[in-house]
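Structure first, commentary second.
Just so you know, all these numbers are worked out from the coordinates, no wet-lab data involved. Quantities reported herein were computed from a predicted structural model and do not represent experimental measurements. Cβ atoms come from the backbone with ideal geometry, glycine included; neighbour counts cover every protein chain shown.
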Amino acid sequence: MPESDNPAEIFDRALRRKRRDRAAAYYPAFAFLREHMLEGIAERLDGVKREFTDVLDLGSFDGSFALPGATITRVDAGAAFATRSGGIQADEDRLPFPEASFDLIVSAGVLDQVNDVPGALIQIRRALRPDGLFLGAFAGAGSLATLRQSFLAAEPAARFHPQIDVRSAGDLLSRAGFALPVADVETLTVRYAGIPNLLRDLRGMAAGNLLPRPAPLTRDTLMRAAQNFADRADPDGRTPERFEIVYLTGWAPAPSQPQPARRGSGTTSLAAALKPKI
């Protein structure tokens, strides 16, 4: 059965590889969103007072993620990106690594295009050594809200990916077996002179529509969507668009980590704590 015909798959894997290969040649000109994610990951990594030696860059794009002193293995779903970054080609939910291969795994800008996100997170956790760290970032729920509204007003058709919100992302980390899971979100707003500029950016960052058999996009629909987008512009003629970036932090379990207190192990009752002191 062709990958794109699998009814259990949200995204067309073959189309995703094709789109990533097409974007690879010009990607540095459209890398602003992933660069912003990597800055956020770097800030979180700066707060960790330990060294990492064996690192996986999962969804490597052009290989711009760097960590001095570490050996970095790079993986991308697209052959061209994998080649450019000196890595290997593999899907995020089909990792080829044995357990406990890395002490740090970083993933920026790809988890929102993965068919089996829970499975990918489980594989990430298994590929980490005990007390290894996972840091991820992706465009979550609320991203491209203006573009979505503009197209839906033009034609009610399924053209946009399902999105993961920050609460669900935290739940997925816990379900995947990560210790000390944290999910948080920040908004990046970009202002566009028109819908063609935004669509060009999305193609350039390999973030186009990957749904199997999407509804055909006619010229009339595109023109109506473009007008809807323009109608939402600020007085200077530019329309704000939001990217809601969800950040994930999780640790592979280890005995040395802080453990929650056993239920019922407290030595002071609530009544005693609330009793007025004389």
How high is the FRET efficiency between Gln257 and Ala42 when r is their beta carbon distance and R₀ equals 30 Å, given to the nearest 0.05?
0.85
Select from Asn115, Asn197, Asn228 the residue whose mean-square fluctuation is largest in a Gaussian network model of the chain (Cα-Cα springs shorter than 10 Å).
Asn197
Taking Lys and Arg as +1 and Asp and Glu as -1, residues besides Val185 with C-beta under 12 Å from its C-beta add up to -2
Under a point-charge model restricted to the Cβ atoms of Lys and Arg (+1) and Asp and Glu (-1), what is the dipole moment magnitude of the chain relative to its Cα centre, in debye to the nearest 20?
420
Pairwise centroid distance, computed over Cα atoms, of segment 35-99 with segment 175-254, Å
22
Ala8 to Ala215: extension gain in nm, 0.36 nm per residue of separation minus the Cα-Cα distance?
72.7 nm
Where nothing but the Cβ of Lys and Arg (+1) and of Asp and Glu (-1) is charged, how large is the charge dipole of segment 57-109 around its Cα centre, in debye to the nearest 20?
180
Local net charge near Leu144, Cβ-Cβ under 12 Å (Lys/Arg +1, Asp/Glu -1):
-1
Gaussian network model of the chain, springs between alpha carbon atoms under 10 Å - residue of Leu217, Leu135, Leu67 with greatest fluctuation
Leu217
Could you bin all the Cα-Cα distances of segment 57-198 into 5 Å bins starting at 0 and give me the percent of pairs in each, rounded to whole numbers?
2, 9, 16, 20, 18, 15, 10, 6, 3, 1, 0
Distance from a point 7 Å along Cα→Cβ of Ala193 to each backbone N in segment 11-38: keep the residues under 19 Å and list them by number.
29-32
Obtain the nm distance between the two label points defined at Arg224 and Phe32 by a simple spin-label model: each point lies 7 Å from its Cα along the Cα-to-C-beta direction.
3.0
Would you work out the relative contact order for the chain, in percent, from Cα pairs under 8 angstrom that are 6 or more residues apart?
21
Just one of (1) 17.4; (2) 20.8; (3) 15.4 is mean projected area of the Cα convex hull in nm² as worked out from the coordinates here. Which one is it?
(2)
Size of electric dipole in segment 159-201: Cβ of Lys, Arg +1 and of Asp, Glu -1, about Cα centre, debye, nearest 20:
200
Segment 91-169: mean projected area of Cα convex hull, nm²
5.9
At a Förster distance of 35 Å, what's the computed FRET efficiency of Gln89 paired with Ala145, Cβ-Cβ distance as r, to 0.05?
0.60
Which value, in nm² and rounded to one decimal, describes the direction-averaged projected area of the C-alpha convex hull of segment 20-92?
4.9
Take the Cα gyration tensor of segment 41-139, multiply each eigenvalue by 5, square-root it, and list the three semi-axes largest first, rounded to whole angstrom.
19, 16, 13
Run the helix sum for the chain: -39,500 (n - 2.57) per DSSP H stretch of 4+ residues, divided by residue count, reported at 222 nm to the nearest 500 deg cm²/dmol.
-10000 deg cm²/dmol
Quick check: from the Cα gyration tensor, does segment 121-271 come out rounded (a/c under 1.5), prolate or oblate?
prolate
